[in-house]
Amino acid sequence: MARLTSYWLLPFGLVSELGGAVALFTGEDSVRAVGGYVVAHALSCVVFTLALLVLMPQRYRKQRWRPAVFLFSLQFAIPLVGSLGVFVGILLALYLPRSNRELPWQQVPIPELPFRPTDMGSQVVYTEGGLRQVLREASDPGKRLKALLASRQMEGREGVDILREALKDPVDDVRLLAYSMLEQKEKALVQEAERLQSQVTEAADPKSLERMNRRLAQTWWETAYLGLAQGSLRQYYLEKSRDLLVKLVATYDEPSDWQLLGRVELALGRPEEARDAFEVAIDNGARQEHILPYLAEIAFLAKDYQRVRFYLARCAHGHNHPAITPLLEAWL
């Protein structure tokens, strides 16, 4: 009954709003025209407020005064179209069906515990020892191929040593993949060296020339150090790196160049020259904990075991690489 009564109120409110608007625009006395419109507008707002309260959900009808004051104020603040606009807008918001939003997640049930333990033999262990064990003991060639592909995540000589070990695999596919990966690594370094050599011949700026020569020496050293070159080719790369480093230290006297020169001399089998280069690097400000293990190696080659312990004892006081820790535990 109340909903039906509210429908009869709507034409009355609409007539009041239109009548006030007509009086406002056609009246000769502006003061009376404005006053008449304000009264008619207020009456229209009251009518639409009563109609809206009846049509709104139950939770709003229980709070009589607060929704009524809010609706009346909102309509009264917007002349002419306020009552009709608020009425239509609220009804559309309340009674039109809501659009279903797509949830950005999907609810899934909690998984049960596995009914049997996971077969760890089918999992590739991504460590140097784990990859070596797979290459040596796995009977399935597919697992050995996965181990080779996993070695791409390893940097330095460890990954190259694993690839060289795979060259002895009895399966052709494993050997060919290992050879291809080794060739790609070597090709990348050789192309980098060729690019640097071409830039060195064209460089005019002394700073650029110094930087390129240093990077070229490091590239030759890295090719030999990683084990990508063997035999006489390795000897050639080491000598090329040594010649560049000798020119650099004679001109710029950088501790990093002296340190790398010491490593190259040690790889060439010249421990005395390597020790001199390492000592100059320390004198020029190089960090001792990076050089003392090499001095200990030189002392070991000379069978001076007392000096080996001396260098390693000094090494133990600094921040060492984890690879040095077993060496310190064995000697000290």
Just to check I understand the Karplus step: with θ = phi - 60° and J = 6.51 cos²θ - 1.76 cosθ + 1.60, what whole-Hz values come out for segment 236-252, glycine and proline as x?
5, 5, 5, 5, 4, 5, 5, 4, 5, 5, 4, 5, 5, 5, 6, 9, 10
Heavy atoms of Lys146: accessible area, 1.4 Å probe, square angstrom to 10:
120 Å²
If the cut-off is 18 Å between C-alpha atoms, which aspartates and glutamates fall inside it for Lys146, apart from same-chain ones fewer than 8 positions away?
Asp119, Glu128, Glu137, Glu155, Glu158, Asp161, Glu165, Asp169, Asp172, Asp173
How much length is gained on full extension from Arg157 to Leu328, taking 0.36 nm per residue of separation minus their Cα-Cα distance?
59.4 nm
Using the structure shown, list the pairs from Lys247/Lys303; Lys187/Lys247; Lys168/Lys247; Lys207/Lys240; Lys143/Lys185 with a Cα-Cα distance above 29 Å, or answer none.
Lys247/Lys303; Lys168/Lys247
Quick calc: nm separation of the 7 Å Cα→Cβ label points for Val171 and Glu183 -> 2.0 nm
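The values are calculated or read from the model by the stated rules, or taken from the named source; none is laboratory data. All values reported here derive from a predicted model rather than from experimental measurement. So basically every Cβ, Gly included, is an ideal-geometry build from the backbone, and we count neighbours across all protein chains shown. Side chains are part of the model used for accessible areas, which takes the heavy atoms of the whole protein and leaves out ligands, DNA and RNA. Shrake-Rupley method; radii C 1.70, N 1.55, O 1.52, S 1.80 Å.
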